[in-house]
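Read the structure below first, then the notes.
A short reminder: the numbers here are calculations on the coordinates, not readings from a lab. Note that the structure is a prediction, hence the values are computed from the model and not measured. Neighbour counts are summed over all protein chains in view; Cβ atoms, including those assigned to glycine, are modelled from backbone coordinates with ideal geometry.
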Amino acid sequence: MTVSDPNPVVGDAQLRVVLVDDHAMFRTGVRAEITASVDVVGEAGDVDAAVEVIVRTRPDVVLLDVHLPGGGGPEVLRRLSTSAPEVRCLALSVSDAAEDVIGVIRAGARGYVTKTISGEDLVDAIGRVAAGDAVFSPRLAGFVLDAFAGHVEVAQVDSDLDRLTEREREVMRLIARGYAYKEVAKELFISPKTVETHVSSVLRKLQLSSRHELTRWANDRRLI
Amino acid sequence: MVPRPATCDDQGVTSPSARPAPPVRRAYRPAGRRLVSGVSAGVADHLGVDTLWVRLAFTVTAVLNGVGIVAYLLLWRFLPIADDTASPGLEAAGRRGLRTARTTTWVDHTRAVAILALGAGVALALQVSGQGIAWGWLVPLTVGGAGLAVMWRGLDDVGRVSRLRWWSVARVVVGIGLVAAAAAFAVTVEGGWSALADAGVAIAVALVGLAIVAGPWIASLVTDLGAERRERVRSQERADVAAHLHDSVLQTLSLLQKYADDPATVSTVARRQERELRAWLYGGDELADSTLAVAMRAAADEVEDHHRVAVELVVVGDTPVDPDVVAVVRAAREAMVNAAKHAGVDRVDVFAEASPGVVEVFVRDRGAGFDPESVDPDRMGLRGSIMDRVRRHGGRAEVRSSPGSGTEVRLVLPRPERPSHDEPKRDEPKHQEHNPGTTDPRSEHDRV
């Protein structure tokens, strides 16, 4: 998805990661792929176990499946928001449904990647999330463009949260076209840091916008 | 496959609507999000506003002159109750508790109770100040209304579940009791004043009561017939699912075992199966070649199949196909094939966006790249199949590439401005189907 940062490690220590997925086989696979670069400190297969292990181990990043017994990824995020609000989550799913993708982001995930992502890219995404940035896959960028596409009357806009700026839209379009953050930066003649700022701002809007179009869009589309 | 009430009744009507007709959205009462009847939630969903405002509107109009109550009861009677539907994949995940379902929360309850209390308070104030209706009428009306609500809620549940539950029946019985009590109260109050009117009123009240009691029963009998039919359809669907799994997944699994030592074949077969299953689980009942998104998907699938390359397709917005769009899709397909053949990568990113004035497609790879100035004359694909084809249809194609940094093909097709929403003109062919799953959300916002 993105060109790998050579060093996803913040500081000296390896990033501490918790894997949450209800398929043990998938957890084993992911663990094998990323274990060289990050420190997998815990695993969980359902919502209760996930919250327990996350609160106990306080990892840097949680890799969170969207579909989980006990209420799904959003439920984990909701419970963490009170018990461990500083833990950052990256959603990982096979689901293509806009409802699921937007739902987990609005519940508080810092990014969304599909399970077909390569190990290298996943490690890169983990590093990005740990550093406080947002991780957008081309598909998520497409959903965002769709969700914020509708025309909003000015009277209805109670804050800037309800629409993307022109620059943010450009960044989203480039990500949807498959550009990595660095390539986006080069294309728009801005610094990679600025790209990250734009992406984080889009994430914030996605999470906080109360535009009912956003929920209705997810509702109406249902399918992708 | 997805039980969505897609109706196309309006296709033949020459309505003054300029936009291609969106699928008719039918309001319904969501069974999972009922506080009392689901009317407010259903209306709110349909109008796209928060439930709070709908409840407030009902309460205000109810207190003002009672219209709200009548409207609410009518909607309760005539809006069909239904479960929120989703695609098979989502429904399955929802049933197994893997997803968070949309249900009512305590916030909803608190808000509803607060609004109700507010309404009751205002009504009481009106009564006390002498502006309301006579107490002799208010009491039976209130009791009767409550009885109706209790009974209808019970009937809703009786009609929906296959097995009768005692509390549903109890609700109906209690509801009938309340209505009868209210009627009796009304009759005695009236009877005290005029013995002559007594009999007439009694009969009228009895008739009205009978109609109210029996009406829903008859209605629910009719609904039951429908439910039975639905059940039959559902069992057929289940058989279809079994057949589908047998034909696709089982076959693929046996193929995989057979080719276990040939990674290339395994990944091709697995990828094809994944795509197929994904389309089946999360896709809609899309008609072939009906919209840009469907056509692009088909083109990407075809390239994936024939060239062993993963095509990551993202489509934003959608538009019905016409010959110009077809040309763009074919050119995009050619660009994907080029990337698969010459770039030497296993992945191509494709992004298609249909905005109101323009259709744009980007095909990008991170492969070998080439110098566009020195394209071999025999590479006819690029010139003939991509550039000229798009140009003939009023668009343009740009190729950005340099050795070592991959290639990006950009296809731009300006779309003639659609007539704005007031003009009685429709230039879309009549047979266009608009799939709910791929409807351009922008078309709902009158942006042209």
Problem set entry | Long-range HN-HN contacts of residue B:35 with modeled amide H, under 5 Å | none
Exercise. Gap in Å between the Cα centre of region B:300-330 and the Cα centre of region A:39-98?
Worked result: 35 Å
Exercise. In Å, the Kirkwood hydrodynamic radius of region B:289-416 over pairs of distinct alpha carbons?
Worked result: 14.3 Å
Problem set entry | Amide H contacts under 5 Å for residue B:29, placed H, 5+ residues apart | B:81, B:82
Seminar exercise, completed: Expressed in angstrom and rounded, the centroid-to-centroid distance over alpha carbons for region B:109-138 and region B:267-283 is 58 Å
Problem set entry | Karplus 3J(HN,Hα) series, Hz, for region B:265-280 with 6.51 cos²θ - 1.76 cosθ + 1.60 (x for Gly, Pro) | 5, 4, 6, 4, 4, 5, 5, 4, 5, 4, 4, 5, 5, 4, 4, 6
For this session: For region B:336-352, take each phi angle, set θ = phi - 60°, evaluate the Karplus expression 6.51 cos²θ - 1.76 cosθ + 1.60, and give the result in whole Hz per residue in order, putting x for glycine and proline.
Result: 5, 4, 4, 4, 5, 7, 9, 6, x, 10, 9, 8, 10, 9, 10, 10, 10
Exercise. Using modelled amide H (1.01 Å from N, peptide plane; none on Pro or chain starts), what sits under 5 Å from the amide H of residue B:359, excluding residues fewer than 5 places away?
Worked result: B:413, B:415
For this session: Can you bin region B:236-348 into rounded, prolate or oblate? Criterion: square roots of the alpha carbon gyration tensor eigenvalues sorted a ≥ b ≥ c, rounded for a/c under 1.5, prolate for a/b above b/c, oblate for the rest.
Result: oblate
Exercise. Which pairs in the list A:205/B:341; A:115/A:186; A:193/B:341 are over 31 Å apart, alpha-carbon to alpha-carbon?
Worked result: A:205/B:341; A:193/B:341
For this session: Enumerate the calculated ³J(HN,Hα) couplings along region B:35-40 in order (Karplus 6.51 cos²θ - 1.76 cosθ + 1.60, θ = phi - 60°), each rounded to whole Hz, writing x wherever the residue is Gly or Pro.
Result: 9, 10, 10, x, 4, 4
Exercise. Got a sec? How would A:48, B:247 order by Cβ neighbour count within 10 Å, fewest to most?
Worked result: B:247, A:48
Seminar exercise, completed: For region B:289-416, averaging the sequence separation of alpha carbon pairs under 8 Å that lie six or more residues apart and dividing by its residue count, the contact order in percent is 26 percent
For this session: Within 10 Å of each Cβ in peptide A:62-69, how many partner chain Cβ atoms are there on average? Round it to a whole number, please.
Result: 3
